[in-house]
Amino acid sequence: MINFQYQCSQCGKEFDITPELMLCPKCSQIQKPDEPLRGVLEVVIDGHFHHQPKMSDLLPVAAEYFPRIPVGNTPLWKPENLSQELVFPNLFIKDDTHNLTGSLKDRASYLVAAFAKRENINAIALASTGNAASSMAGVGAAAGLDITIFLPETAPKAKLVQSLQYGARVIPVAGNYDKAFDLSLEYSRKHHILSRNTAYNPLTIEGKKTVSLEIYHQLEKVPDFVFVPTGDGVILGGVYKGFRDLLKFGIIDRIPTIIAVQAEGSNALARAFESGKFTPIDAQTVADSISVGNPRNGYYALKQLKQYNGKCVTVSDEAILEAQKELSSKAGLFAEPAAAASYAGFLKMKDEMNKNATIVLLVTGNGLKDIDSAMKTIDFPSKSITSLEELD
Ligand SMILES: *Cc1c(COP(=O)(O)O)cnc(C)c1O
């Protein structure tokens, strides 16, 4: 028999998985403002499989509850030109721009939506920098759920348009993501609505682990390095969780080196990695999806990085935009700035890496989600013509 439980990532206590439980009741009591969440729960799988578990065997909600939509199973491919030019023959892209709403966030929304269906819940609320919003709106639409979103008013237009187009109720917040996060929690508690806030709802971490399960199956081995663009640290936690589950059931024998890539102006986790403690900053970066002053999954993410010898690297906005341009023009992959950060992180670290290493760049969101940023690095054609003679 296989049993799924929540386990506190801090004290280790186990709990049944219920819609009411979000954080460890004990560890969350010492929560201070402006620090990462205390008592983040993770899903643990108790028991033994008598066969090699399928992906669906490793998820805490049965396959029948998931909406029939294309989430996950994204391509893993080799950017040939970049790979040759940089002389890294085993460089791969895990291309999560291919998800239903164009970002990796769909993996989390998908599991949360399935859980809601199983529990007969019909409404979900969340705060988002943009992608979690458009993701939950889209996946929620397919699953027939009512979605309410708290979105910083500075979120890129396309993400707002996506959310509205999918039919979600969008509440703009005059303030940053951290403010939206707090307001949405207040709203969820007041109206007894399931929260999909990242890290707070443990299934957001669990849902994102499928990316690692896929990477392993697609490569047919454990990569040496995975570059993960990091804001709240939930993707990072999910990436670790996937590999840890594979390790736990004897399918793999090691965890890859995970590299958290942050923007210089939003580097809370990288600083805590050095100093051991989190100090909030006013995050500022062109990469809106990783612009986070107080990384909600900071304690959990930091613990994994330390335990499995992960690394942190920070990249400038300029390097992010250059990486975005290069991925587009040399690999044909138009990624949003946060998603291109993994490539920028790789470029910064490549000289310390073995040329034959198997490297996976996690590309987490589509470039069309934020064209204002992309417009910073392109020259628009200046005039229109009526005949070819006018071309110089
Ligand atoms: C949310 C997001 C990230 C960062 O994920 P965290 O869990 O906040 O660290 C990176 N890239 C994209 C495109 C995202 O939407």
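The values are calculated or read from the model by the stated rules, or taken from the named source; none is laboratory data. Since this is a predicted model, take the numbers as computed values, not measurements. For neighbour counting, all protein chains shown are included, and Cβ atoms are generated from backbone atoms with ideal geometry for every residue, glycine included. SASA here: full protein model, heavy atoms, side chains in, ligands and nucleic acids out. Shrake-Rupley method; radii C 1.70, N 1.55, O 1.52, S 1.80 Å.
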Item checked: Flag for D245 being at pLDDT below 95 and among the charged types (D, E, K, R) -> no
Next item on the list: Name, by its number, the condition in (1) touching a residue at least 12 places away in the same chain (Cβ under 8 Å); (2) at positive phi that does not hold for H192.
Entry: (1)
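Yes/no per residue for (1) among the hydrophobic types (A, V, I, L, M, F, W, C); (2) closer than 18 Å to L213 by Cβ:
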| residue | (1), (2) |
| --- | --- |
| F92 | yes, yes |
| D95 | no, yes |
| T101 | no, no |
| K105 | no, yes |
| S109 | no, yes |
| A114 | yes, yes |
| E119 | no, no |
| L126 | yes, no |
| A132 | yes, no |
Next item on the list: Could you check, for the stretch 207-216, whether at least one of its residues is free of Cβ contacts under 8 Å to residues at least 60 places away in the same chain, more than 16 Å from the ligand (Cβ to nearest atom) and surrounded by fewer than 24 Cβ atoms within 10 Å (Cβ to Cβ)?
Entry: yes
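Tell me the residue from T377, T314, T285 that is more than 16 Å from the ligand (Cβ to nearest atom) and either open to solvent by 10 Å² or more (accessible area, probe 1.4 Å) or not small (G, A, S) (or both), please.
T377
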Next item on the list: Filter the stretch 74-99 down to residues that are over 26 Å from R118 (Cβ atoms), in a loop (DSSP other than H, G, I, E, B) and touching a strand residue (DSSP E or B) at 6+ places or on another chain (Cβ under 9 Å), then give me how many there are.
Entry: 5
Next item on the list: Report the residue count in the stretch 108-130 for those that are open to solvent by 10 Å² or more (accessible area, probe 1.4 Å) and within 12 Å of the ligand (Cβ to nearest atom).
Entry: 1
Margin query: Condition check: of a type outside the set (D, E), modelled with pLDDT of 95 or more and within 13 Å of the ligand (Cβ to nearest atom). Does I359 satisfy that?
Written below: no
Notebook entry, point to check: Within the stretch 99-107, is there a residue that is more than 14 Å from the ligand (Cβ to nearest atom) and either touching a residue at least 24 places away in the same chain (Cβ under 8 Å) or more than 17 Å from the chain's Cα centre (by Cα) (or both)?
Noted result: no
Next item on the list: Kindly indicate which of A168, A133 is under 18 Å from the mean Cα position of the chain (by Cα), crowded, with 24+ Cβ neighbours inside 10 Å and among the small types (G, A, S).
Entry: A133
Check: Which ones in the stretch 340-392 are over 28 Å from N73 (Cα atoms) and among the basic types (K, R)?
Finding: K348, K376, K383
Next item on the list: Quick one: which residue in A319, A323, A339 is open to solvent by less than 50 Å² (accessible area, probe 1.4 Å) and more than 18 Å from D96 (Cβ to Cβ)?
Entry: A319
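Pick out the one residue from T279, T358 that is of a type in the set (S, T, N, Q) and open to solvent by 40 Å² or more (accessible area, probe 1.4 Å).
Answer to the selection: T279.
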Note to self: Can you tell me which of (1) surrounded by fewer than 21 Cβ atoms within 10 Å (Cβ to Cβ); (2) part of a loop (DSSP other than H, G, I, E, B) is the one V71 doesn't meet?
What the structure shows: (1)
Note to self: So if I check each of A260, A301, A272, which one is open to solvent by less than 30 Å² (accessible area, probe 1.4 Å), touching a residue at least 24 places away in the same chain (Cβ under 8 Å), over 26 Å from D106 (Cβ atoms) and touching a Gly at 6+ places or on another chain (Cβ under 8 Å)?
What the structure shows: A272
Next item on the list: Check the stretch 181-197 and report whether any residue there is within 12 Å of the ligand (Cβ to nearest atom) and either open to solvent by 30 Å² or more (accessible area, probe 1.4 Å) or under 19 Å from A287 (Cα atoms) (or both).
Entry: yes
Notebook entry, point to check: Within the stretch 1-59, can you find the residues that are of a type in the set (D, E, K, R), crowded, with 17+ Cβ neighbours inside 10 Å and assigned to a strand (DSSP E or B)?
Noted result: E42
Next item on the list: Being within 13 Å of the ligand (Cβ to nearest atom) and either at pLDDT below 95 or farther than 19 Å from A132 by Cβ (or both) is the filter here, so list the residues in the stretch 341-356 that pass it.
Entry: Y343, A344, G345
Notebook entry, point to check: Applying the selection to the stretch 246-266, what residues are aliphatic (A, V, I, L, M) and farther than 18 Å from F346 by Cα?
Noted result: L246, L247, I251, I252, I255
